[in-house]
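Chemist: Below is one structure. I have some questions about it.
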Amino acid sequence: MLNKAFVLSTLINSALLVKADVPRYAQKIDQHSFAVLDNVPTGKVFNGTSHFIPPGITSDSLKAKPFHIYDDSFYDIIGSDPTLTLLAQTATDPIFHEAVVWHPETNSVYFAQNAGPVAAGTGLNKSAIVQKIYLDDADKIVAQGNGSANISITTVNSGQQVINPNGGTNFRGKIVYTAEGQGDNIPAALYMIDPNNNDNTTVILNNFFGRQYDSLNDVAVNPRNHELYFTDGPFGWVQNFRPDPVLPTQVYRFNYDTGAVRVVADGFHMTNGITFSPDGMYAYITDTGLSSGFWGYNYTNPSTIYRYDVNDDGNFGNRQVFAYNEIRVPDGIHCDKQGNVYVGNGDGINVYKPSGLLIGKIYLGTTSANFAFTGKGKMIVCAETKLWYVNWNAEGADITSSDYSG
């Protein structure tokens, strides 16, 4: 009869051997290799906008195997054979920016063009647009291999245009967008669009007791009370397409049924992305204060993810630093079913354990402002001029309930 201790030891060793098999498009990052550097340059040479490449590694090699393992727990997320497929790209127009939302009923993914960049010509003179793809088309491209292809992209012509959209979330079978507004006379607002009837688009909120919001940025649904929570900051102002702010940079909650709106958090420089843990016990908010649009950078301002406890009454408390971003700023943020936290930043997407430990990265070598889980083992990633499709093990928090956003 086999000794139980021997059997257990054999199983553990087998599991360790499996972990040691690094997938073909993944690589382990040895953080000991850069704990001490031969030369640490001054901030005039290397700062918050600089891309860090570990010693003995090149940018090309980081891109060639874009799934970077910082902790062994990342193996469970990427699985045995993760792939990253380029679906589409443009020369300079940042049409793949934010407001990435998967609509399961139509199996389509919506996303918005960047508002404000010179290359887009958007912001003051014309609004950024919303576009979409179908995942069935993306799956066909993946079947061709881990290469590149041009997917069919459809412009969403809604009955009422969403003016400079930036964030989005599933809500009651529809999509709610945060819109930054345009000039003095088109205020920032929340819009609701029906993916089954794009002409059915309405503004559901556009003021705080008569005052214009600055530039609504992102929105998420609290899975416990099903209310909309959104961020507002002076993004249009620092990109010269919105007037001087008349409200602090804050986070709000909005009850769609009653119309009640109130502030739940303040004290930010540039409040940006927002999401909730799957159980709704925590809220995560990114502050991109390091970057101020056309005004440039202040490297001592936050580039930080904050975590709040969500009280039973839906208000926030116990603000904590969850993580400080290492390259540029943390932007769009989402959780998977296990509560791991994913955030777009200056070189791709960082993945953190609920404790705040960085466990892995999808390395693009360029900024990803936002992304969306699109079913089990799938994710669409926006990277300004490129659109990517990830196939791996991770699964986003449930959005099949019309009241939930992950």
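Chemist: Could you work out the pair-distance distribution P(r) of the stretch 308-347 from its alpha-carbon pairs, with 10 angstrom bin width and percents rounded to whole numbers?
Modeler: Spelled out bin by bin, the stretch 308-347 gives 24, 43, 29, 4 percent.
Chemist: Reported to two decimal places, what Rg/Rh ratio describes the stretch 212-358 when computed on Cα atoms with Rh from the Kirkwood expression?
Modeler: Rounded to two decimals, Rg/Rh equals 0.96.
Chemist: Compute the relative contact order of the stretch 35-119 as a whole-number percentage, counting only Cα pairs closer than 8 Å that sit 6 or more residues apart in sequence. The partial results should precede the final answer.
Modeler: Working: 40 pairs, mean separation 13.8, N = 85.
Relative contact order of the stretch 35-119: 16 percent.
Chemist: Take the Cα atoms of the chain, find their three principal axes, and give me the spread along each one in whole Å, biggest first.
Modeler: 76, 51, 45
Chemist: Starting from 0.36 nm per residue, how many nanometres of slack lie between Asp81 and Met281 once their C-alpha separation is accounted for?
Modeler: 68.7 nm
Chemist: Could you size up the charge dipole of the chain around its Cα centre, putting +1 on the beta carbon of Lys and Arg and -1 on that of Asp and Glu, and report it in debye to the nearest 20?
Modeler: 500
Chemist: Calculate the spin-label point distance for Tyr25 paired with Arg211, positioning each point 7 Å from the Cα along the beta-carbon direction, and give it in nanometres.
Modeler: Simple spin-label model gives 4.7 nm for this pair.
Chemist: If amide hydrogens are placed 1.01 Å from N in the peptide plane, which non-local residues have theirs closer than 5 Å to the one on Phe322?
Modeler: Amide H neighbours of Phe322: Ile305, Tyr306, Arg307.
Chemist: Take the Cβ-Cβ distance between Val246 and Thr92 as r, set R0 to 41 Å, and report the resulting FRET efficiency rounded to the nearest 0.05. Present the calculation step by step, with values, prior to reporting the outcome.
Modeler: Values: r = 34 Å, r/R0 = 0.82.
That pair, Val246 with Thr92, gives E of 0.75.
Chemist: A further question follows. Would you kindly state how much longer the chain becomes between Ser73 and Asp309 on full extension, computed as 0.36 nm times their sequence separation minus their alpha carbon distance, in nm to one decimal?
Modeler: 82.5 nm
Chemist: Related question: Considering the zone a paramagnetic label at Tyr299 would reach in this model (a point 7 Å from Cα along the Cα-to-Cβ line), which residues of the stretch 30-60 have amide N under 14 Å from it?
Modeler: 40-52
Chemist: Find the Cα radius of gyration of the stretch 179-294, compare it with 2.2 N^0.38 Å by division, and give the number to two decimals.
Modeler: 1.06
Chemist: Also: With springs connecting C-alpha atoms under 10 Å apart, model the chain as a Gaussian network and identify which of Asp309, Asp38, Asp72 has the largest mean-square fluctuation.
Modeler: Maximum among the listed residues: Asp38.
Chemist: Which residue fluctuates the most in the chain, going by a Gaussian network model with Cα springs under 10 Å, if the choices are Val40, Val130, Val390?
Modeler: Val40
Chemist: Ok, one more. Over the chain, what is the relative contact order in whole percent, taking alpha-carbon pairs under 8 Å and six or more residues apart? Don't jump to the answer; show the numbers that get you there.
Modeler: Working: 1069 pairs, mean separation 67.2, N = 406.
Worked out over the chain, it gives 17 percent.
Chemist: Work through the residues other than Ala99 whose Cβ is under 14 Å from its Cβ and net out their charges, Lys, Arg +1 and Asp, Glu -1.
Modeler: Overall, the nearby charge balance is -3.
Chemist: Relative contact order (percent) for the stretch 217-339, with alpha-carbon contacts under 8 angstrom and 6 or more residues of separation?
Modeler: 22
Chemist: Could you state the accessible area per residue of the chain in Å², with a 1.4 Å probe and every protein chain left in place?
Modeler: Working: 17040 Å² over 406 residues.
For the chain, the per-residue accessible area is 42 Å².
Chemist: What value in Å³ per residue do you get for the convex hull of the alpha-carbon atoms in the stretch 22-61? Write down the numbers at each step before the final one.
Modeler: Numbers: hull volume 3.9 nm³, N = 40.
Value for the stretch 22-61: 98 Å³ per residue.
Chemist: Search the structure for amide H atoms under 5 Å from the amide H of Arg172, placed 1.01 Å from N in the peptide plane, and list their residues when 5 or more places away or on another chain.
Modeler: Asp403, Tyr404
Chemist: Starting at the first residue of the stretch 82-92, write each ³J(HN,Hα) from the Karplus equation 6.51 cos²θ - 1.76 cosθ + 1.60 with θ = phi - 60°, in whole Hz, x for Gly and Pro.
Modeler: Each residue of the stretch 82-92 in turn: x, 9, 10, 10, 7, 8, 6, 7, 10, 6, 9 Hz.
Chemist: Would you work out what percent of the accessible area of the chain, with all protein chains in place, is carbon or sulfur (probe 1.4 Å)?
Modeler: For the chain, the apolar C and S fraction of the accessible surface comes to 51 percent.
Chemist: GNM on the chain, C-alpha springs below 10 Å: top fluctuator among Ser59, Ser277, Ser127?
Modeler: Ser59
Chemist: Let me ask something else about it. In whole Hz, what ³J(HN,Hα) sequence does the stretch 99-112 give by Karplus (6.51, -1.76, 1.60; θ = phi - 60°), x for Gly and Pro?
Modeler: Ordered by residue, 3J(HN,Hα) equals 6, 7, 9, 8, 10, x, 4, 9, 6, 10, 10, 9, 7, 10 Hz.
Chemist: Stick to the Cα atoms of the stretch 318-406, pair each with every other, and give me the Kirkwood hydrodynamic radius in Å at one decimal.
Modeler: Mean inverse Cα-Cα distance, inverted, gives 13.3 Å.
Chemist: With all distinct Cα pairs included, what does the Kirkwood hydrodynamic radius of the stretch 104-163 come out to in Å, to one decimal, could you say?
Modeler: By the Kirkwood definition, the hydrodynamic radius is 13.4 Å.
Chemist: May I pose another question? In the neighborhood of Thr201, defined by Cβ-to-Cβ distances under 12 Å, what is the net charge if each Lys or Arg adds +1 and each Asp or Glu adds -1?
Modeler: For residues surrounding Thr201, the net value is -1.
The values are calculated or read from the model by the stated rules, or taken from the named source; none is laboratory data. Just so we're clear, the structure is a prediction, and the values are computed from it rather than from any experiment. FYI the Cβ positions are ideal-geometry reconstructions off the backbone, even for glycines, and counts take in every protein chain you see. SASA here: full protein model, heavy atoms, side chains in, ligands and nucleic acids out. Shrake-Rupley method; radii C 1.70, N 1.55, O 1.52, S 1.80 Å.
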